[in-house]
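Chemist: Handing you this structure, nothing more for now.
Throughout, read-outs are computed from the coordinates displayed, never taken from laboratory work. These numbers come from a predicted model, not from an experiment. Here the Cβ positions follow ideal geometry from the backbone for every residue, glycine too, while neighbour counts run over all protein chains shown.
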Amino acid sequence: MMRSIYSYLILTLAILFTSFNVAFSQEAVDSLAVQQGKEIFKTNCVSCHSIGKNALIGPGLEGVANKRKKEWLKKWINSSSDFIASGDPDAIAIYEEWNKVAMTSFYFEDEDFEALYAYLKNPPIQEDIVSADLTLAEDQGVRTSTKLMFIALFLLMLVYLLTSLKNKLKESLGQETETIPDTLLSQFNLFVSENRNVVFASFACLIVVLKFSFDTMIGVGVYSQYQPEQPIAFSHKVHAGENGVDCNYCHSSARKSKHSGIPSANVCMNCHTYINEGKITGTTEIAKIYDAVGFDPNTRSYIEGYEQKPIKWVRIHNLPDLSYFNHSQHVVAGKIECQTCHGPIEEMDVVYQHAELTMGWCVDCHRTTEVAMEGNEYYTELHDQLKEKYKGEKITVDKIGGIECAKCHY
Amino acid sequence: MKTTKKYWKGLAQLNNEPIVDTLGQNEFIEELPVDKFLGDQENLSVTNSSRRDFLKFLGFTTAAATLAACETPVVKSIPYLVKPDEIIPGVANYYASTIYDGRDYASVLVKTREGRPIKIENNGTYSNSRVQASVLSLYDSARLKSPLKDNKEIDWKTVDSEIKEKLSLIKDGKIVLLTSTILSPSTNEIINEFSAQYSNVEHIMIDSTPYDGILDANMDSFGVRLAPSYSFDKANVIVSFGADFLANWMANDYATDYVNGRNPKSGKMSKHYQLETNMSLTGANADKRIQIKPSEQGYLISSLLDAVNGKSYDKRLSNIVKSLEANPSKSIIVSNSNDKNVQLLVNAINHKLGNYNNTISIIRPSNLKQGNTEKLDNLINNMQEGNIEALITYNVNPSYSLSRAKEFNTALKNVNLKVSTSLYNDETACLMDYVCPDHHNLESWGDANPKYGIYSLMQPTISPLFNTRQFQDSLLSWIGKSDYHAYLKNYWSRKGIDWNQSLHDGYFSLDEKLIKVKRFIDQSVLVKNQKSDALELEIYETVALGDGSQSNNPWLQELPDPITRACWDNYLTISASTAKELGLSNWTVSNGALNGSIVDVTAGNKVVKNVPVMITPGQAHSTVGMAVGYGRTRAGKAGNNVGFNAYPFLDAKKVVITKVDGEYEFASIQLHHTMMGRDIVKETSLTDYIKDPSSGNHRETYATYKGKLPSDQVSLYEEHDLSTGHFWNLSIDLTSCIGCGECVISCQAENNIPVVGKQEVRKSRDMHWMRIDRYFSSDMTKELSKEEKKSAIDMYSEMEVPSENPEVVFQPVMCMHCNHAPCETVCPVAATTHSNEGLNQMTYNRCIGTRYCANNCPYKVRRFNWFQYSENEKFDFHMNDDLGKMVLNPDVVVRSRGVIEKCSMCIQKIQELKLNAKKSGKPIKDVDAQTACASSCSTNALVFGDSNNKDSEVWRLRNDERAYDLLDHLNVKPSVFYQTKIRNKS
C-alpha cells in the first residue's frame, strides 16, 4: 500500500514539474518576434552556426546575446569584414581565432534583425527532443513477449498456490498428497478423457497457428526497422540532433516535390568545405564526400578535371511503384512533422525505417488525422460545406476522399 | 469453291521473297539442341542420374529459387553530385520551344522531368498529332548516333576537314543545298554566308507535297512567289476544291481559325462547301460535300469564275454561287490543285469576290511553303549531266519522296560530294558519302518565321542524346565558324529583341514592312470540262503520318485514320459502287477483323503491286485515292515496309487497276459505319438551333407514377454526394471536334499507353484510352422505311450501308466516368470504385482481370492488357527499348499483364492541380484544370473543369441547351457529356 502511494506522489510531482517547466518556457518564447527570428536563423545562419555550444563553421551561439551588445552584433552581422577593417578589437580577435575567415555579410532589415536578436536572446530549451522522446516511449510500450512471460509466471504461481492449498486440505483430511507434476498429469488425463475437450483444444491450437501464419505472411514485404549500411556513415543524430540542422536544409525538395530528395553532394559541401573533421568517424566519412566531388581539404579547393563519383546511397523507404506518395502534400499541405512517419530521426546514428509503410498504416492515419484547413483559402468553401455535412465531427482526411483508391493508385 | 484461291500472310509472301520460304520450312528458327543431347550416346551412357536424382535436383532448384526470391532487392538511390538549380526531382519544368521538321510547324511548351522531355503541350496555339508525337521520335533508337562516311562511323573532326577540303576545291561545278522550306531567318543568313564563302552555291527548297501551283500563280498575279495567309475565322463562306485544310493542306493552323468561325452560340457559322474526290477530314466536316473527279476541278473552278462574272455556270454550283453572292468579300476559295492555271482561276475568283485583304492576305504571307519543283527538276537534269559537284541535303528525303526518285538516285552517282544531314540513315542518307546527323528539334536551338510578323524560338530541352550536331552548326563549321547558339542570340539581339523574354515566351512579333505586291493582274484562262470515264487517282497525305518523315514513330503508325479507322497501313481508297463494278470488296472475317481484295495499280510505266483495297464511303465514283508517307524501307523497325510508297504516283492522273488473287488483312478498329437510326451523335441544323437551342437534343422519357419523366430523374440507385468539393466534368463539343486525333496521341503520351502492333489491333486489342468514332449517314432512315413499308430486317440491313456521299460525324469517346457506373457494380474485387469528385477510379494493383467491367461497360472504353507490353520482345516498340522508355511519364504506372485500364481523366494532373492549390493556399483557377486531351485540342472542342465551380466554363457548358449524355436512356449519369453537332444546312 505504502509503495503505491509513494509512486503516485512521485508521478504527480513529475507531472506538475513538467507542466510548470513547459508553461514557463512557453511564456518566454511565445512572442512572434522569436518565432520569426527562428525562421530567419534557420534559413540564414544554421549552415554555419548552432544555437547551442557546438562549434560548426562558426562558433556556437549560446549566450551570444548576453556576451555582445546589440549594436556590436548588428555591425558584425551586417558586414563582418567592414567591421574588422574598422579595427574593433573584439571583431579582430574573433577573426584571428576562426582562421581568418570573415563571416558572410547579411544586410538584414531592422525588423528582421530585431527578430533574430530576440531569438538569440531566447534560445529554445531543448523542447523538440523531449517531445520526441515522449512519443517514442508511448509508441513502444511494453513488449508483447514480456507481457506473455508475466502471464505465464502468474499462471504457474496460481498452479503452485492451488496445489499447495489442495495438499493442505488433503493433509487435514488425512489423504495422500500429490506433487505438482502429479496434479498436472491427473488434470491433463481428466481433460483428455473427454472428446469434446480434445476437439476444443485442437481447434484452439489451429487458431493460434493460423493467427501466427497470418501475422508472418502479412509481414512479408514490410520492412520496418530496415537499417542498411550506407556508403557514407552519415549520422542524422549529429546533424539534425546535436547540431540542430533543419530537415529542410538538406531535404529541401520535401516541400516542393513528391520526393524528399537525397541532398546532392554540393549541399554537403556548403558546410563541409570548412568542416573536415568529426568527433568519432567523421574525418574518414567526410573524406568520402571529398572523394566523390574531388575536393582537396588541404588547399580547400576543387581539383580541376576530377572525375566525380556519384554517391550510391541505399534507399531505405521503398514504396512500390503502384502507389503514389507525395512529400510536399504531407509536409506543406498537411503540415505533418517529418518525425510522424520517420520516427525520432534526430536520434538515429544510422537511419532505419520507422513506419511499416503498409496501406493499412497509411489509411489508419488518414482516418484519424484532421485536415489542416485553417488559413488555407483553397479549403474555405469546402470547409463550410463539410461543416454542414458532418456536423460536429472532426473533418479527417478520409472525409475529403483521402482513402479513395485513385488518390494514390494511378 | 475456287481451288486457285490463295491466302497471303503478308506482302513478303506475295512477292515471293526467299525469307518466307526459309521461315516456312523452319518453324523453330532457333533449333532445339535435342539431337546434340540425345545423339551423344557416349555421354548418355556415362551419365547415371536416375529419376530419383532428377526429382532431387528439381526439388532443390525450386526451393533455392523460392528462397532466393525471398531476399529483398537493395535499391540504390543516387542523387546529383551538383544539382542544377532549376531541377527539383519530381517536379516538371516547362520550356517554350518550336517544333518544325520541314513540314509541320508549332510553337510548343515542352514538359521535362529530371531533364528529359516527356510531353509536348500547345503554347496557347495549335499543334497536330505529329507535333504531339515528335517527343517520341526524339527517343528513337534508329536515329544516327554519330556522323558517317560511306555508311561507316567517323568523328566530326575528320568529317569537317574532309568536307571543307572538298568544298574548297570546287571551282566550276555547282554546290547545291537541297532543303525543305526554311522558316528560320538566322539559318537563311548562315546559308547566305555559306554561299558567299564558296562559289556557285545554289539553295533549293522543296516541299514533300509541292505547292508550286499556288506559288507560281501568285507570282503571275501579284509578282511575288509567296503563299497567302488565310483567315478562315473571318470567312462566311468557304469553298474548298479538294484542299484538306483542316488536316494537311498548307499550314496546320487553319483548324483553329475554322472552328472559331463556326460558333453556333453567336449565331454566326461559316458555310463550308467541299468539292473533292477522296473523303478527306475537311470534307467530312463540310456542311455540303460535292463529289467531283480530279479532272473536273479546273472546269468547275472556271465555271465558278463565270458565275462570279455573271455568266452561265454548272448547275452543281448554284447553292455555292448564292452563298457567295450573299457574302461579298467574306469568303475563301481554295483549291489543292498544283496546276498554275487552276490557281490563277482561284485567284481571279477571290479577287473578284473582294476576298484579298479581307479573308486572304498576300501582303501578310505565310512562309510555310516555299518549295520550287522547277528548280528541283533542273537540279536532277544538271545532276544527270554531271554539272553538280556537291549536294547537301537538309530535312528532305528525296530518294523516297520525289516522284522522280529513281532518276534522282541514278543521277546522284554523278555528284562528287554528297552530304546528308538527316537524323536517320534513311533512303537518301544511305546513298550519300557523308551523313552529318542533325539534332532532333528538342535538342536544337533555332528560330522560325511561319507567318508574316510572327516569330518563334526553339531551345534545347535535353542535351544531345547522340554524337550529333545541328545542321546550322555544321554549315557554320564548314565556313570556319562555330557556335550557332551564340550566332542566333547575336542575330536577334542585333534586331533589338529581348532574348530572355522571347525565349521564355517562345514567340514574339515584329512590326515589319508589308510585302510589296503588284496590283492584281488577272491572267486566268478558262478550263474546259475534261471529264473522262477513266479511273482517276488522287494522292493524299494521311492525318497520322503526313509526308512520312516520322514513319518510325509507333504512336503515329497506330493512330487510326479518322475516316477509314485503319492503322499500320496505306491502301487504295475506292467507293463502294466502283468497287462493285471492278469486283473488289471488303469483308469481315470470323474474328471480327477486316479483310480486303488486292489489286495492282498501273499509271503509265509506273506500277505498284499488291495494293490492298479499302472501300471508303464518300470517294467519288470511278476515282481512287492513295496515301503517301508509307512504304519506307529505311525508316526503322516500326516504319519499315509498312504499306507501299505512293510518291512515284504524285503526278499520275489516270490509273488502271487489275485485281490479283489473294486477300489482305487490315487493322481497322471500327467496322460498323452507321448509327443504325440511333442518336448516338445528336445533330441539328443551324437554322433549327437558332429557333430552338435544344433542337435535336431530345431526352427519352419514361412513364412513372409521377407522370412521364426524363431518364435522369428516374433512378433506383443511391446518389453519390457530388455537390461537396470538386465535380470534374469534361464537355465535348461535336460541332468543334474535327476528328483529327491529336487528343489521342496526347493521351497516349501522358498516360503511358502502349503500342500493340498491327496484329493485336486487328484482334480489337488496341489500347488507346480514347477513340474517335466516325459515323457515316445512311440513305435509309426509320421514317423512310415507314413510308416505303419496309420490313425491319430490310430496314436495318439497308441502314448498315452508308450513303455514296454520306455526311460524317466524329465523336471522341473515352471513359464517361459514370456516376451510376455499370462497371463498378460488377467488379468482384472492388478494383474499380467511385470517387467523391465524380471520377470512376481504376486500381490496377487490385484488378484480377475478370473483365466483367469491360463487358458491362455500355461505352466499351475499358482496355485489357492481354500481354505485358513493356519489356517484351514480342512488342518491340518504344516500351521495349531503353531509349524509348525515357518518354514515359513517371507519375503514371506502366500497367502489367492481366489488368484492365481506361481513361482516368488524367487523375495525376487533377491531383497535381489540387496539391499546388493547397500548397499555395489559393482556390483552383478554372484555366489551370486540364486533361491531356483538353489541353492539346487545337479547336477547343474538349473543355475540362470543375462543375461545382459556378464560374467555370464547364459548368456553363453542362447547363447549355446543347449538352447531352451519350446513351442517355441508360441513365448512367456520366461526368463526360457532349454538345450537339450543328451543321450549317439551309
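Chemist: Please list, by residue number, every one of the trypsin sites (Lys or Arg not before Pro) in segment B:153-205 that is coil in DSSP and has at most 11 other beta-carbon atoms within 10 Å. Before the final figure, lay out each step's value.
Modeler: Numbers: sites: B:Lys157, B:Lys164, B:Lys166, B:Lys171, B:Lys174; in loops: B:Lys171.
Hits after loop and neighbour filter: B:Lys171.
Chemist: Now for a separate question. Can you list, largest first and rounded to whole Å, the semi-axes you get for chain B by taking the square root of 5 times each eigenvalue of its Cα gyration tensor?
Modeler: On the way: eigenvalues 356, 327, 209 Å².
Calculated on Cα positions only, the semi-axes equal 42, 40, 32 Å.
Chemist: Also, I was wondering about something else. Starting from the Kirkwood Rh over alpha-carbon pairs, what translational D in µm² s⁻¹ does segment A:144-218 have by Stokes-Einstein at 37 °C and 0.692 mPa s? Display every interim value, and only then the final one.
Modeler: Values: Rh = 15.2 Å.
Here the translational diffusion coefficient equals 216 µm²/s.
Chemist: When A:Cys271, B:Cys903 are ordered from fewest to most other Cβ atoms inside 10 Å of their Cβ, what list results?
Modeler: Placing the least packed residue first, the sequence is A:Cys271, B:Cys903.
Chemist: Report the residue, chosen from A:Lys391, A:Lys53, A:Lys399, that carries the largest GNM mean-square fluctuation when chain A is represented by alpha-carbon nodes joined by springs under 10 Å.
Modeler: A:Lys391
Chemist: At 25 °C and a viscosity of 0.890 mPa s, what translational diffusion coefficient does Stokes-Einstein give for segment B:541-668, taking Rh as the Kirkwood radius over Cα pairs? Give it in µm²/s as a whole number.
Modeler: Answer, rounded: 166 µm²/s.
Chemist: To the nearest 0.05, what FRET efficiency results for B:Asp483 and B:Lys413 with a Förster distance of 35 Å applied to their C-beta separation? Let's see the in-between values first.
Modeler: Working: r = 36 Å, r/R0 = 1.02.
E(calc), rounded to 0.05, equals 0.45.
Chemist: Loop only by DSSP, 16 or fewer other Cβ within 10 Å of the Cβ. Give me the trypsin sites (Lys or Arg not before Pro) in segment B:392-468 that pass, ordered by residue number. Intermediate values should be presented prior to the final figure.
Modeler: Details: sites: B:Arg404, B:Lys406, B:Lys413, B:Lys418, B:Lys451; in loops: B:Arg404, B:Lys413.
Loop-located and lightly packed - B:Lys413.
Chemist: Can you give the FRET efficiency to the nearest 0.05 for B:Glu783 and B:Glu961, using r as the Cβ-Cβ distance and R₀ = 22 Å?
Modeler: Values: r = 24 Å, r/R0 = 1.10.
It comes out at approximately 0.35.
Chemist: Expressed as a rounded percentage, what relative contact order does chain B have, with Cα pairs under 8 Å and six or more residues apart?
Modeler: Details: 2079 pairs, mean separation 133.9, N = 986.
Reported as a whole number, the value is 14 percent.
Chemist: Convex hull volume of the Cα atoms in segment B:454-523, per residue, in Å³? The partial results should precede the final answer.
Modeler: Working: hull volume 13.4 nm³, N = 70.
That works out to 192 Å³ per residue.
Chemist: Then there is this: Give the whole-number value, in cubic angstrom per residue, of the convex hull volume spanned by the C-alpha atoms of segment B:766-821.
Modeler: Details: hull volume 8.5 nm³, N = 56.
So the per-residue Cα hull volume is 152 Å³.
Chemist: I've got another one for you. Order by neighbour count: B:Val826, B:Val131, fewest other Cβ atoms within 10 Å first, most last.
Modeler: Numbers: B:Val826 16, B:Val131 28.
Least to most surrounded, the residues fall as B:Val826, B:Val131.
Chemist: Among B:Asn358, B:Asn856, B:Leu324, pick out the residue whose Cα is farthest towards the positive end of the charge dipole of the protein assembly as shown, where Lys and Arg carry +1 and Asp and Glu carry -1 on C-beta, about the Cα centre.
Modeler: B:Leu324
Chemist: A follow-up question, please. For segment B:683-983, what is the convex hull volume of its Cα atoms per residue in Å³? Write down the numbers at each step before the final one.
Modeler: Details: hull volume 55.2 nm³, N = 301.
Looking at segment B:683-983, the number lands at 183 Å³ per residue.
Chemist: Test of understanding: in a Gaussian network model of chain A with alpha carbons linked when under 10 Å, which of A:Thr179, A:Thr43, A:Thr368 would top the mean-square fluctuation ranking?
Modeler: It is A:Thr179.
Chemist: Once you place label points 7 Å from the Cα toward the Cβ at B:Glu162 and A:Gln308, how far apart are they in nm?
Modeler: Label-label distance for B:Glu162 and A:Gln308, simple model: 3.7 nm.
Chemist: When all alpha-carbon pairs of the protein assembly as shown are counted, what percent fall beyond 58 Å?
Modeler: On the way: 329038 of 973710 pairs.
Summing the P(r) of the protein assembly as shown above 58 Å gives 34 percent of all pairs.
Chemist: Once you mark the chymotrypsin sites (Phe, Trp or Tyr not before Pro) that are in a DSSP loop and have at most 14 other Cβ atoms within 10 Å, what is the longest gap between them in chain B?
Modeler: Here the longest run is B:29-704.
Chemist: A follow-up question, please. Return a whole-number percent for the relative contact order of chain A, with Cα pairs under 8 Å and 6 or more residues apart as the contact set. Write down the numbers at each step before the final one.
Modeler: On the way: 360 pairs, mean separation 60.4, N = 410.
Rounded, it is 15 percent for chain A.
Chemist: So, one more: Tell me the angle of helix A:127-140 to the major Cα principal axis of chain A, expressed in degrees between 0 and 90 and rounded to the nearest ten.
Modeler: Helix A:127-140 and the main axis of chain A meet at about 20 degrees.
Chemist: Something else now. For A:Leu169 and A:Ala372, what is the calculated FRET efficiency with R₀ set at 51 Å and r taken between the beta-carbons, to the nearest 0.05?
Modeler: Numbers: r = 67 Å, r/R0 = 1.31.
The calculated FRET efficiency here is 0.15.
Chemist: Run the numbers for A:Glu96 and A:Ala201: contour at 0.36 nm per residue of separation, minus the present Cα-Cα distance, in nm. List each step's numbers first, then the result.
Modeler: On the way: separation 105, 0.36 × 105 = 37.80 nm, distance 8.13 nm.
Residue separation times 0.36 nm, minus the Cα-Cα distance, leaves 29.7 nm.
Chemist: Still on this model: Label-point separation (nm) for A:Val159 and B:Leu716, each offset 7 Å from Cα along Cα-to-Cβ?
Modeler: According to this spin-label approximation, the distance is 6.2 nm.
Chemist: Please give the charge dipole size of segment B:683-983, origin at the Cα centre, charges +1 on K and R Cβ atoms and -1 on D and E Cβ atoms. Round to the nearest 20 debye.
Modeler: Numbers: 37 positive and 42 negative charges, 144 e Å.
Computed about the Cα centre, the dipole is about 700 debye.
Chemist: Mind sorting A:Asp182, A:Asp246 by how few other Cβ atoms lie within 10 Å of their own Cβ, fewest first? It would help to have the intermediate numbers written out before the result.
Modeler: Values: A:Asp182 12, A:Asp246 17.
So the ranking, lowest neighbour count to highest, is A:Asp182, A:Asp246.
Chemist: State to the nearest 20 debye the size of the charge dipole of the protein assembly as shown about its Cα centre, where the only charges are +1 on K and R beta carbons and -1 on D and E beta carbons.
Modeler: Charge dipole of the protein assembly as shown: 2560 debye, to the nearest 20.
Chemist: Also: Rounded to the nearest 500 deg cm²/dmol, what is the calculated helix-only ellipticity per residue at 222 nm for chain B, with -39500 (n - 2.57) per DSSP H run of length n ≥ 4? Don't jump to the answer; show the numbers that get you there.
Modeler: Values: 32 runs with 268 residues, N = 986.
Result for chain B, helices only: -7500 deg cm²/dmol.
Chemist: Here's another thing I want to ask about it. Taking segment A:252-299 on its own, what percent of its Cα-Cα pair distances exceed 18 Å? Walk me through the numbers before you get to the answer.
Modeler: On the way: 412 of 1128 pairs.
In whole percent, the share of Cα-Cα pairs in segment A:252-299 beyond 18 Å is 37.
Chemist: Could I ask something else about it? Give me the Kirkwood hydrodynamic radius of chain A, using the inverse of the mean 1/r over all pairs of distinct Cα atoms, in Å to one decimal. Numbers along the way, then the final one.
Modeler: Values: mean 1/r = 0.0362 Å⁻¹.
Computed over Cα pairs of chain A, the Kirkwood hydrodynamic radius comes out at 27.6 Å.
Chemist: Also, I was wondering about something else. For the protein assembly as shown, build the charge dipole from Cβ charges (+1 Lys, Arg; -1 Asp, Glu) around the Cα centre, then report which of A:Ser257, A:Tyr352, B:Gly124 sits farthest towards its positive end.
Modeler: B:Gly124
Chemist: Scan segment B:924-966 for trypsin sites (Lys or Arg not before Pro) in coil per DSSP, keeping those whose Cβ has at most 10 other Cβ atoms within 10 Å, and list them by number.
Modeler: Values: sites: B:Lys925, B:Lys950, B:Arg956, B:Arg958, B:Arg962; in loops: B:Lys925, B:Lys950, B:Arg962.
Answer by residue number: B:Lys950.
Chemist: Using a Gaussian network model on chain A with a 10 Å cutoff between Cα atoms, which of A:Thr183, A:Thr369, A:Thr299 fluctuates the most?
Modeler: Fluctuation is largest for A:Thr183.
Chemist: Right, next: Taking every DSSP beta bridge that has both residues in segment B:683-983, what percent is antiparallel when rounded to the nearest 5? Each step should come with its number before you reach the end.
Modeler: Values: 23 of 30 bridges.
Roughly 75 percent of the DSSP beta bridges within segment B:683-983 come out antiparallel.
Chemist: In percent, what relative contact order does segment A:31-124 have, based on Cα pairs under 8 Å that are 6 or more apart in sequence?
Modeler: Details: 103 pairs, mean separation 40.4, N = 94.
Relative contact order here is 43 percent.
Chemist: Still on this model: For segment B:697-788, what is one quarter of the convex hull surface built on the Cα atoms, given in nm²?
Modeler: On the way: hull surface 48.2 nm².
The directionally averaged projection comes out at 12.1 nm².
Chemist: Quick one: of the DSSP bridges fully inside segment B:218-364, what percent are antiparallel, nearest 5? All intermediate terms of the calculation are to be shown ahead of the outcome.
Modeler: On the way: 4 of 19 bridges.
Taking every DSSP beta bridge with both residues in segment B:218-364, the antiparallel ones total about 20 percent.
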